[in-house]
Structures are given as C-alpha cells and as structure tokens.
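Asks: One structure follows; several queries about it will come next.
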Amino acid sequence: MKKAEIRTLVDHFDHVRAQNTYEWAKDIRVTGGDPGHIEMTFTTDIRRHANLRGDLHGAVCAGFSDSVMGTACFTLGKSVVTLELKGNFMKAVKPGSVLRGVGRVEHNGKRTMVTTGRIYDEVGDLVYMASGTFYVIDTYELPELPWRL
C-alpha cells in the first residue's frame with residue numbers, strides 16, 4: 001500500500017503489517033478495527049501451511065492469533081512483545097482457505113496487556129481461540145487519522 005493510499009487507521013495498520021519480514025505476514029490483511037480491537041484476514045496456502053495429514057498446521061492459527069492480539073495492543077498506542085500465548089483448537093481447517101482473526105484487548109495495563117484472539121473459517125465457525133499476555137516495551141504514536149471514512 002502506498003503512503004498516499006493511507007486514509008484511515010485501518011489502512012495504516014494494514015500498511016504496518018505489510019512491513020513485517022515474517023514470511024507469511026504478506027498473506028495477512030487488516031480489514032477493520034477500533035481502539036483495542038482489530039480484524040484481519042489470512043489467506044492460507046496449501047503448499048506452505050499443511051501438516052502431514054493435509055490439514056492446516058496448528059502453528060498457523062497460533063501465529064495468526066499472536067499477530068491479531070499484538071496488533072490489537074498497537075491500536076491503543078502501545079508497542080508490545082508476547083509474554084504468554086495459549087490456545088484451543090476447535091476444528092480442523094483445510095489449507096487454502098481464508099481465515100478471519102479478531103483480536104481484542106481485555107486488560108490495558110501500564111506494563112502488561114491481556115488479550116483474546118478468535119480465528120474463524122470461511123463459513124464463520126470458530127476454529128481456534130487464544131489468550132495472550134503482552135509486555136509493553138514502548139508507546140506507539142498513532143497517526144491523526146479516522147478509523148474509517
């Protein structure tokens with residue numbers, strides 16, 4: 001996304017996510033958000049994200065939820081690192097599908113933040129549910145943009 005196309009905070013966070021050097025981060029898009037809340041999609045790949053049984057590898061949901069929850073912290077102007085991540089798998093997913101992740105800050109502390117992340121499949125079924133604790137390492141200045149137009 002070119003800087004000229006950044007008109008909202010959702011655009012800004014989508015642009016920031018695109019800067020991530022983690023290989024599969026290029027498959028993530030920010031689709032919505034508000035302070036303490038973010039929504040993203042992740043397009044999985046059948047060649048890169050499958051386990052030996054042909055299902056989506058569990059690490060994909062764990063990593064995606066970590067990104068969703070960490071970005072939810074950034075929406076409150078805080079730069080964070082993950083202290084703890086735990087999750088539950090609800091149902092198998094086939095690679096090649098598009099996942100929707102929803103992250104929410106449940107506790108916005110000065111030093112730590114507690115979050116929840118939910119990952120849904122293409123039909124809207126919950127496939128993974130996570131919680132995370134993040135350590136605040138710095139503040140993050142949000143640009144003066146609206147969340148949506």
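The numbers here are math on the coordinates, done by the rules we state, and not lab data. Bear in mind that the values here come from a model prediction, so they are computed numbers and not experimental data. Because the Cβ atoms are built from the backbone with ideal geometry, glycine has one as well, and the counts that use them run over all protein chains shown.
Asks: What net charge do the residues around Arg100 carry, taking every other residue with its C-beta under 12 Å from that of Arg100, with Lys and Arg at +1 and Asp and Glu at -1?
Replies: Overall, the nearby charge balance is -2.
Asks: What is the fewest-to-most order of Ser97, Ser67 by other Cβ atoms lying within 10 Å of their Cβ?
Replies: Ser97, Ser67
Asks: Where in the stretch 1-92 are there chymotrypsin sites (Phe, Trp or Tyr not before Pro) that are in a DSSP coil and have at most 10 other Cβ atoms within 10 angstrom of their Cβ?
Replies: Tyr22
Asks: Given +1 on the Cβ of Lys and Arg, -1 on the Cβ of Asp and Glu, and no further charges, what dipole in debye does the stretch 1-113 carry about its Cα centre, rounded to the nearest 20?
Replies: For this selection, approximately 60 debye.
Asks: Using helices alone, I'd like the mean residue ellipticity at 222 nm for the chain: each DSSP H run of four-plus residues gives -39500 (n - 2.57), total over residue count, nearest 500.
Replies: Rounded to the nearest 500, the figure is -6000 deg cm²/dmol.
Asks: Could you please state, rounded to a whole Å, how far the C-alpha centre of the stretch 11-55 is from the C-alpha centre of the stretch 103-136?
Replies: A separation of 15 Å, based on Cα centres.
Asks: Still on this structure: For the chain, just run the numbers: alpha carbon Rg, then divide by 2.2 N^0.38 Å, N being how many residues it has.
Replies: Compared with the compact-globule rule of thumb, the chain sits at 1.01.
Asks: Right, here's the next one. Measuring from label point to label point, each 7 Å out along Cα→Cβ, what is the Lys94 to Leu52 span in nm?
Replies: My value for the distance between the label points is 2.3 nm.
Asks: Right, another one. So which trypsin sites (Lys or Arg not before Pro) in the stretch 42-129 are both in a DSSP loop and have at most 16 other Cβ atoms within 10 Å of their Cβ?
Replies: Arg47, Arg48, Arg53, Lys91, Lys110, Arg111
Asks: Between Arg148 and Met129, what is the spin-label point distance in nm, taking each point 7 Å from the Cα along the Cα→C-beta axis?
Replies: Modelled inter-label distance: 2.5 nm.
Asks: Moving on to the next point. Pairs of lysine in the stretch 3-139 with Cα under 26 Å and at least 8 positions apart or on different chains: total?
Replies: 10
Asks: Could you tell me the calculated FRET efficiency between Tyr140 and Lys86, based on Cβ-Cβ distance and R0 = 25 angstrom, to the nearest 0.05?
Replies: After rounding to 0.05, the efficiency reads 0.50.
Asks: Test of understanding: extend the Cα→C-beta vector of Ala59 to 7 Å, then name every residue of the stretch 6-37 with backbone N under 18 Å from that spot.
Replies: Under 18 Å, as judged by backbone N against the label point of Ala59, lie 21-28 of the stretch 6-37.
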